[in-house]
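The values are calculated or read from the model by the stated rules, or taken from the named source; none is laboratory data. Because the structure is a prediction, the values reported are computed rather than measured. Cβ coordinates were reconstructed from backbone atoms using ideal geometry, including for glycine residues, and neighbour counts include every protein chain displayed. Ligands, DNA and RNA are stripped out before the accessible areas are found, and what is left, the full protein with its side chains, is counted by its heavy atoms. Shrake-Rupley method; radii C 1.70, N 1.55, O 1.52, S 1.80 Å.
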Amino acid sequence: MISTLLSQLRHGPDGDPTPRLAYGADYNPEQWPREVWEEDIRLMQEAGVNIVSVAIFSWARIQPTENEWDFGWLDEIMDLLHAGGIGVDLATATASPPPWLSTAQPEILPVTASGETLWPGARQHWRPTSPVFREHALRLVRKMAERYANHPALVAWHVSNELGCHNVYDYSDDAARAFRDWLRARYTTLDALNHAWGTAFWSQRYSDWEQILPPRLAASHPNPTQQLDFKRFSSDVLKDHLRAERDVLRELTPGVPVTTNFMVMGNTKGMNYADWAAEIDFVSNDHYVVPGPQDRDELSFSANLVSGIAGGRPWFLMEHSTSAVNWQPINVAKRPGDLARDSLVHVAHGADAVCFFQWRQSAAGAEKYHSAMVPHAGADSELFRAVAGLGQTLKTLAPVAGTEREPARVGIVFDWDSWWASEQDSHPTAQLSYRQEALDWYSALLALGIRADVVTTQTELDRYQVLITPVLHVMPAPLAKELTRYAENGGHLITTYFSGVVDENDHIWLGGYPGALRELLGIRIEEFGPLLDGETADVDLDGVDGAATGTLWTDRISVTDPAVEVLAHYRGGTYADRPAVTRRPTGQGSAAYVSTRLGTDGLTALLPKLLAPAGVHSELPDGARGSVELIVRRSADSRYLFLVNRTDETVPLAGVSGDLLVGRTDDDGTVVLAPRDVAVLRQPAL
Ligand code: GAL
């Protein structure tokens, strides 16, 4: 369906059939007097904008009271945009209910675990399980679809906005009722639920479905499987809302693709997007950089994961920022070059659209200090010039539109169930960060100049020669079988501490850790050895210069299969001289285990050893490894190499060839990357 979107984008008013990348923003004309609109369209054209998302937070304006509708302003802006050659990704406008609705129907308001109501005054104050909210929202969706079905500016539907951004966990009575229905569908009988939740523990046995509640504020740790199921349920009910809106849109406008903007970024973990992706016609994502030592690695990781969720097909970057945001404790502006570099990393990982929040920086409201394409300073500004410059670059990159990401040889598996379960309370350590561990592996591969795909457990895993599964904690039996088969058939599996420990009900696989992976790995662990804050475990990388330092976790490993090779030892401490990293050859492949948190530096030192049996090496020239990220998109006849300078130094790229679409060369014709610069080269397909 992404091709439908692209073909609609291609049919601008001039009917130009050439592919193009989409460029634009959330556009909130209702915040501005009418006279600003004409200037907006003119500046959009100047910047190369060809799509905007409209009406995201317009419910109160479109439906000022229950039985009053005001579409006049929206008709006018849709017409103006169309006349200006700009397509519209039209929101269903249901993201934030208007005051008349929350006043008349306060039962739509979400409730926290401790019973507090989340009142109106901000946004997204609705319960995903409220039948009253659903009815009002779908009425609005129907009105929008009926009104704009045939509007020539309409290129896509934007369901709600960032579903679950502020209301993912609701503990209200509506949620309790819906949770019970969800549990009935999952378990059928109370006996099955009692077994799955392990309710023999602490006298929690249920004798009636009505006794079951969401994990509200309790006297001590709530039942862990109840917590895990509530997370699954909360993701599912938002997905259900997405489907309900989508079904109305498909009924009334069957030819218009439907999307909703995901939030694959940082620690946003409530929504299982791997499971949502099949519900929409193309995947969209919002991403914001949170400054820190791995900030751009994190950007690349997120974009990469979105591509994994989209099955390697093109996707849509719905929001990111031109410069500062407003919601961090300190909101720093982007440096020169960051705007283009950040955008192009998303494109490299498969984005066929680069959009921002938002077009014109607000003069009032909670987001007035959030950057935009047109800043408070106006169009005569460095920022707007950078925005227009990026518009030009995206025009040059038009041939990339519609191409797929070329698969790497290394895959990193990212799994929502394991993310949710591994970070629950009452565990060996409360300091474990699932996403950070995955990001550290990714950063280490970037440091070695090795391409990797971040993929989900729904992906065809056999296409990777090396599969890294950091903290793959939840291991249903079929997944353990699949990984075993993967390694036997020639794949090289690398996993870490706290993997394979529990089944889908969060029950321990008995007999020693790592439970379901014990045989495959040829090791056995009787007790975990988490480290206290500040405590470290030196690791001897056996044959590699220098030592690595483990934090967070150690394991007392016994090798149970003589074929197991010990790749690294603990050097001192409780487990001195015992294995820290192991590898067991199996069938045509192998299965390796890393028992401590080595961080990016330690993993960078260890990885060459782990990758050796697969023969995976960097594709970058010597001098560029570590400084440059390489990402490849491809079509039937071309490969597009995106080379991203990860550093603040100039990097020459001797030996890299192809037609230079974006970037510069020195006098000898060598491609040179200025600090934070990106070059794009086209090569014939392999
Ligand atoms: C997103 C949201 C936008 C805007 C933006 C600011 O979460 O969808 O409406 O609030 O953040 O960074």
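At what distance in angstrom do the alpha carbon centres of segment 217-269 and segment 448-519 lie from each other?
First find each Cα centre; the distance between them is then 25 Å.
Roughly how far apart, in whole Å, are the Cα centres of segment 86-162 and segment 167-183?
19 Å
Could you check what % of the DSSP bridge pairs in the chain are antiparallel, to the nearest 5?
Close to 55 percent.
Ignoring ligands, DNA and RNA, what percent of the 1.4 Å accessible area of the chain is carbon and sulfur?
For the chain, the apolar C and S fraction of the accessible surface comes to 50 percent.
Of all the Cα-Cα pairs you can form in segment 622-684, what percent are over 15 Å apart?
Here the tail beyond 15 Å accounts for 45 percent of pairs.
Straight-line reach only, C-alpha to C-alpha below 18 angstrom: list the aspartates and glutamates that K368 could link to, leaving out same-chain residues fewer than 8 apart.
D26, E30, D40, E319
Compute the FRET efficiency between I330 and V132 as 1/(1 + (r/R0)^6), taking r as their Cβ-Cβ distance and R0 = 51 Å, and round to the nearest 0.05.
0.80
Pull up all non-local amide H partners of A592: gap of 5 or more, or a different chain, and H-to-H distance under 5 Å with H placed in the peptide plane.
When sequence neighbours closer than 5 places are left aside, the close amide H contacts are L493, I494, T495, R584.
Please list the non-local residues whose amide H lies under 5 Å from the amide H of L163, H modeled 1.01 Å from N, same-chain partners needing a gap of 5 or more.
For L163, whose amide H was placed from the backbone, the distant partners under 5 Å are N261.
Return the tail of the calculated pair distribution for segment 410-614, meaning the percent of Cα-Cα pairs more than 25 Å apart.
It works out to 28 percent of all Cα pairs.
Show the residues, 5+ positions off or on another chain, whose built amide H is closer than 5 Å to the amide H of R639.
Counting only residues 5 or more places away or on other chains, the set is Q683, A685.
Can you tell me the order of 72-78, 294-300 when each peptide is scored by its average per-residue count of other Cβ atoms within 10 angstrom, highest first?
294-300, 72-78
Among V671, A452, S321, which residue has its Cα positioned farthest towards the positive end of the charge dipole of the chain, with +1 placed on the Cβ of Lys and Arg, -1 on the Cβ of Asp and Glu, and the dipole taken about the Cα centre?
Of the options given, the answer is A452.
Could you tell me the center-to-center distance, by alpha carbons, between segment 13-85 and segment 523-586 in angstrom?
Rounded to whole Å, the Cα centres lie 58 Å apart.
Using the Karplus curve 6.51 cos²θ - 1.76 cosθ + 1.60 with θ = phi - 60°, what ³J(HN,Hα) values do you get for each residue of segment 217-228, in whole Hz, with x for Gly and Pro?
Per residue, the Karplus-derived 3J(HN,Hα) values read 3, 10, 5, 8, 5, x, 3, x, 6, 4, 5, 5 Hz.
Which FRET efficiency, nearest 0.05, do R216 and R142 yield, Cβ-Cβ r, R0 45 Å?
That pair, R216 with R142, gives E of 0.80.
Per residue, how much accessible area does segment 622-684 show when a 1.4 Å probe rolls over the protein heavy atoms, in square angstrom?
46 Å²
Per residue, what volume in Å³ does the convex hull of the Cα atoms of the chain enclose?
163 Å³
Can you spot the lysines whose alpha carbon is less than 24 Å from K231's alpha carbon? Ignore those fewer than 8 places along the same chain.
Straight-line reach from K231, under 24 Å: K239, K269.
Calculate the FRET efficiency for E367 and H617 from the Cβ-Cβ distance with a Förster distance of 41 Å, rounded to the nearest 0.05.
0.35
Suppose all protein chains stay in the model; what accessible area per residue would a 1.4 Å probe give for segment 171-296, in Å²?
On a per-residue basis, 41 Å².
How much length, in nm to one decimal, is gained on full extension between D462 and A278, taken as 0.36 nm per residue of separation minus their Cα-Cα distance?
So the extension gain works out to 64.1 nm.
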